[in-house]
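The values are calculated or read from the model by the stated rules, or taken from the named source; none is laboratory data. Predicted model only: the values in this text are computed from it and were never measured. Cβ placement follows ideal geometry from the backbone for every residue including glycine, while neighbour counts extend to all protein chains displayed. Each accessible area value is taken on the protein alone, full model and side chains, heavy atoms only, with ligands, DNA and RNA left out. Shrake-Rupley method; radii C 1.70, N 1.55, O 1.52, S 1.80 Å.
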Amino acid sequence: MWGALVIFANYCAPARIYRTDHRMNLTVLHSFFKGRLTLLILAIVYVAVLSVPCHASQKYDVKANMLRMTSEYARDVMRDTAEMERFRSLAAEHVPDSTACSQVYLFARGIFRRGDQPLAVDYLKNLSDMLDAGGGDVPDYLVLRLKCQLLLGAAYEELGMFNISMEYAMKGLRMAEEAGDEVMAAQFLNNIGVLHVRASELDKAEGYFRRSLELNKRSGSDYDLYINYNNLSEIAMRTGDEKRTLDMILAAVPHVDVEKSPEDYYYVQSCLGQIYVKGGDYGLAYSCLHNAARNLENLPDKAVLFDAYIGLAELFSGRGEVDSLRIYSSKALDVAEKTGNASLLATYAEKMASFAQKRGDYRRALEMEQRASSLRDSIRQREYSDRIAQVSRIFEMEKARYEQRSFMDDWNPVAVFFIMGSFILVLVGILFWEYVMKRRRDATLREAARADKEIEEMKLRQAEQERERQEKLLEEERGRKKAMQEELDTNNRRLSTLMLEKVKDGERIESLTQMLRGLQSSLGPRASATHEVLRSALDTLSGMTSGDGMWEEFQYYFERVHPDFYRELDRRHPGLTVKDRRLCALLSLDLSSKDIAAITFREVRSVEASRLRLRKKLGLEGDTSLTDYIRSMG
């Protein structure tokens, strides 16, 4: 039979029907059919007759092929023997179309939720090809086709390939509108809005979210309405409209069931609490956040619990309750460390930096900012590496799909069996087979080119974001250093002013003391009452110069300017006396022996002797500057 087919094809076919650029030569094709009009009419009639039994069996074949393919994926890719046997059993039992479609969709959604997006894309594309080829207008298959489009768009969005994701979402929206399926159309509109949010096109995103909202209001889908209001609240938050953010979240509350979706319910409560914190309504904020945290402690989603703890920490930071702030900060850190989630750890570091900055602890703020930046960098780098690897894997799968495709895969086996008995249909198949395959090959190559373009754009965006991040970090670092230097200069000026005032007061008291002593010595022995008054005045002046009040005030300002000085001094030389520590502090301000003598009301030679004794206690060599050594501790 095959010999006859080859002879007939060689007799009828022209010497060349494709150009060198693989486009069909329409002139040759027209000349081929022109002299065989009767034969072509017979071929069309024959195909129409054969299509009747083939179409009748098409629905069953699509279902059987769909279940068989799912069974093979479970066996060969996922290594799940139980799933493989389950789908083989469904195929053998000839279950209804609705059952087969629902089970296949649950399988596809399971792959997507596992995070293996390249495998999800490969499976969903094969499933879509089957449904496009033979699903027809059967309602169950049409709904499954729409769900495949929805999951394909979501998978590409997870991979960061937003252009391809948008194509699938727009195509699915058109299909849903043509089918009159408002529920699926609302879901596509919502996903398109999310993609516009990713692109920072908030006006467009809000338009799609509101269109989705209107459709969901008509269908009465509570959970979808909750998603819509939640997305609209995010847009309001990004635009800084706190009132509208609150309105949207309050509108979402009635549409989430605490029994069916407890994590979503308490997530909304946590969001409400954080908005109340920003608005300064700490009473309502505490009620919402505390209730959410208490209930989320027994639920698996710890990321939402972390948000509630951070919200409570922020609340107590605003109220100035340091102990409660530490308690909930510690709880948030414990959740982040137990989950091992780097993103939560980065958020924790950012919040701790903000709290430290409010307290004026700039060193701690800088340390936590650097930790958060390091974590964000590692997360971003890992995400980009994972996405590039996943896109490369998708490309390899697409290439394998194309290479494994055969002629028999493009036809219904029952139809092929009958068509092989006809010379006319074999000839038509030969003429169109390479053309169809070329179109599919071109489509695959175009998709591969789009994938390459997405990778290049991703790399360019990564480089640009890295550059902007570095510039922002440098600018923030300069601002922090400037603020810290200004505060340091201010405190130094205060300290210097205090010392100068004390020096002047000491000089005045000393001068007054000398005058009184001169007056006392000039009086005769009979002026005993006057002698007693002068002696009392001299004792009072002596008490003014020997009190510790000046040193306590000095130490207060000194420790604000140099918070680590005494700690470092005690670490290096723990045996120093109080007077030694005071002398070290004065030397760190670069004061001369004369200045120190004036401040402490001592002789210059006494100060010099104290400096020599201090050098010995510190164990300094003769060529080492005492002042430079002490200043190195601050």
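Dipole magnitude for segment 183-330: about 260 debye, using +1 per Lys or Arg Cβ and -1 per Asp or Glu Cβ, origin at the Cα centre. Applying 1/(1 + (r/R0)^6) with R0 = 51 Å to the Cβ-Cβ distance of residue 571 and residue 200 gives a FRET efficiency near 0.50.
With the full set of protein chains in place, find how many percent of the accessible area of segment 583-634 is carbon and sulfur; take the probe as 1.4 Å.
That share works out to 47 percent.
Taking a straight Cα-Cα cut-off under 25 Å and skipping sequence neighbours fewer than 8 places away in the same chain, the lysines within cross-link reach of residue 171 are 59, 63, 125, 147, 204, 217, 399, 438, 453. Pairs to check: 302/358; 243/331; 260/302. Give those whose C-alpha atoms are more than 21 Å from each other in this structure. Violating the 21 Å Cα-Cα cut-off are 302/358; 243/331.
Set the Förster distance to 60 Å, then compute FRET efficiency between residue 530 and residue 626 from the Cβ-Cβ distance, nearest 0.05. Plugging the Cβ-Cβ distance into 1/(1 + (r/R0)^6) gives 0.80. What the Cβ-Cβ distance of residue 298 and residue 137 gives, at R0 = 51 Å and to the nearest 0.05, is a FRET efficiency of 0.60.
Sorting the segments 169-180, 425-436 by their residues' average number of neighbouring beta-carbon atoms within 10 angstrom, most packed first, yields 169-180, 425-436.
Label sites at residue 241 and residue 537, each approximated as a point 7 angstrom past Cα along Cα to Cβ, lie 7.8 nm apart. Of the solvent-accessible surface of segment 186-300, computed with a 1.4 Å probe over protein heavy atoms with every protein chain present, carbon and sulfur atoms account for 48 percent.
Straight-line cross-link reach from residue 594 at under 24 Å between alpha-carbon atoms covers these lysines, not counting any fewer than eight positions away in the same chain: 502, 504, 579, 616, 617. Loop-located trypsin sites (Lys or Arg not before Pro) in segment 80-128 (DSSP state not H, G, I, E or B) with no more than 15 neighbouring Cβ atoms inside 10 Å: 114.
In terms of Cα to Cα distance under 14 Å, which aspartates and glutamates are near enough to residue 351, apart from those fewer than 8 places away along the same chain? Output for residue 351: 307, 314, 361, 367, 369.
Maximal additional length on extending the residue 359-residue 601 stretch stands at 83.3 nm, based on 0.36 nm per residue less the C-alpha distance.
Residue separation of residue 476 and residue 68 scaled by 0.36 nm, minus their Cα-Cα distance, works out to 141.0 nm of gained length.
Length gained on full extension, residue 163 to residue 219: 17.2 nm, using 0.36 nm per residue less the C-alpha separation. Please work out the Cα center distance from segment 429-465 to segment 249-278, rounded to the nearest Å. Value for the Cα centre distance between the two parts: 43 Å.
In this simple spin-label approximation, residue 177 and residue 445 carry label points 7 Å from Cα along the Cα→Cβ vector, and these lie 3.3 nm apart. Each residue, residue 85 and residue 611, gets one label point 7 Å from its Cα in the Cβ direction; the gap between the two is 9.3 nm.
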